[in-house]
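Novice: There's a structure below that I have some questions on.
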């Protein structure tokens with residue numbers, strides 16, 4: 001018999017933003033997945049009604065609460081990953097291995113020179129804008145050469161997300177220009193536009209080691225997972241798992257460069273710069289795309 005789901009105090013729907021409702025639903029579902037709660041219980045915990053929750057969840061996450069519950073089987077995934085010596089092989093057993101091809105966004109990338117990174121982005125002109133996404137407000141940043149930044153924010157946290165990203169290249173010139181960044185948002189979050197003949201161009205700005213780590217992340221197909229130690233081995237630095245973790249945490253192009261597909265050695269999700277709730281949402285969204 002599954003354990004009874006632990007209730008969360010309902011909150012007046014009018015007091016919550018759309019993303020906050022979805023965030024509460026994701027948190028409740030993740031915490032109580034063993035009990036397989038019905039959508040009515042999830043909606044109650046999120047402070048809304050089932051119909052409204054279904055509409056919001058599909059709009060923000062691209063799937064229903066029930067599909068999310070089925071997709072994100074964290075306990076099952078962790079057990080399989082713990083029992084397997086190879087994280088990538090174990091992921092096949094989870095039924096999440098879609099067709100492997102570099103990365104589902106069909107990304108082509110280039111790295112800026114070490115000098116450009118060391119200068120703190122001096123001379124760079126970075127255009128930015130905020131756009132709705134399945135994972136909250138998306139901050140998209142681009143140079144003339146391609147996408148260079150993608151971050152996420154909850155409602156009211158946009159300024160903090162922008163300040164966080166600016167610290168990475170403090171000497172760059174920043175220009176708000178949503179018209180220039182909206183095509184990136186349309187490409188990134190609409191899987192129907194992920195086409196191999198029109199790859200998304202990204203620009204990686206970091207140290208040599210960070211760029212090597214990010215390039216390795218691009219090779220993790222959707223529905224697959226790897227660990228920090230596995231990445232370190234691929235880079236011929238088997239003792240550098242901690243340094244790899246630091247580089248993953250500094251990934252400036254979240255989701256596109258899929259650092260959310262990296263887990264701890266035990267299979268635990270571990271930290272995520274933009275929040276574990278958002279990481280779970282990304283994994284669930286991807287799982288639904290390849291079922």
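Read the figures in this text as sums done on the coordinates, not as results from a lab. If you're wondering where the values come from, they're calculated on a predicted model, not measured in any experiment. So basically every Cβ, Gly included, is an ideal-geometry build from the backbone, and we count neighbours across all protein chains shown.
Novice: For an R0 of 45 angstrom, estimate the FRET efficiency from the Cβ-Cβ distance between residue 167 and residue 36 and round to the nearest 0.05. Please list the in-between numbers first.
Specialist: On the way: r = 43 Å, r/R0 = 0.95.
The pair residue 167/residue 36 has a calculated efficiency of 0.60.
Novice: Estimate the FRET efficiency between residue 125 and residue 289 by the formula 1/(1 + (r/R0)^6), using the beta-carbon distance for r and 22 Å for R0, to the nearest 0.05. Can you show the working numbers first?
Specialist: Values: r = 34 Å, r/R0 = 1.56.
In this case the efficiency is close to 0.05.
Novice: With the contact rule set at Cα under 8 Å and sequence spacing of 6 or more, what percent relative contact order holds for region 165-291?
Specialist: Relative contact order for region 165-291 comes out at 21 percent.
Novice: Given region 87-290, what percent of its DSSP beta bridges are antiparallel, to the nearest 5? Could you put the intermediate results ahead of the total?
Specialist: Working: 14 of 28 bridges.
Of all bridge pairs located within region 87-290, approximately 50 percent are antiparallel.
Novice: Expected output is a single nm value to one decimal: the length gained when fully extending between residue 180 and residue 160, i.e. 0.36 nm times separation in residues minus the C-alpha distance. What is it?
Specialist: On the way: separation 20, 0.36 × 20 = 7.20 nm, distance 2.14 nm.
Answer, rounded to one decimal: 5.1 nm.
Novice: At what distance in nm do the modelled label points of residue 113 and residue 58 sit from each other, each positioned 7 Å from its Cα along Cα→Cβ?
Specialist: 5.2
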